[in-house]
Amino acid sequence: MSDNLFVQYVGFKVKTFDREYTFNVHVSEGEIRAFKLSISNEAFNAHRARFQDAPSICSTKLHRELAGHANNPLESSYRISDSDLEEYRSAHPQKSSRYPYARKTN
């Protein structure tokens, strides 16, 4: 992947069946390409994805697609699969959500 690439997270839209995350990719010639990546609402409801992790999940997938296609993938829309979610979760283990000052039981 070229060092002249700048990937910018633009935002998301809540749709009926998924959330769509938009990214702009700025290439060295001044060209800007828009990419849309979507995660199903069911993935959030089933706790396979967290809302706060979604932009990072999509960014990881987009960087992988850019690297795999010499920064110029033919597609501009991608759906995050269950395997993408599992790969992200494996690479980013969550810290324990246990409250550090919780009362210990005997």
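Every number in this text was worked out from the coordinates using simple rules, so none of it is lab data. None of these values were measured; they are calculated from a predicted model. A quick note on method: Cβ atoms are made from the backbone with ideal geometry, for glycine too, and the neighbour counts reach across all protein chains shown.
Whenever a residue of the range 5-22 is of a type in the set (A, V, I, L, M, F, W, C), its partners that are loosely packed, with under 13 Cβ neighbours inside 10 Å, lying with C-beta atoms within less than 9 angstrom and at least six residues away or across chains, give the pairs Leu5/Ser28; Val10/Ala34; Phe17/Glu42. In the range 26-72, of all residues being within 23 Å of Phe6 (Cβ to Cβ) and of a type in the set (Ser, Thr, Tyr), the one that is farthest from the chain's Cα centre (by Cα) corresponds to Ser28.
Scanning the range 16-58 for residues that are among the aliphatic types (A, V, I, L, M) and more than 21 Å from Glu87 (Cα to Cα) gives Val25, Val27, Ile32, Ala34.
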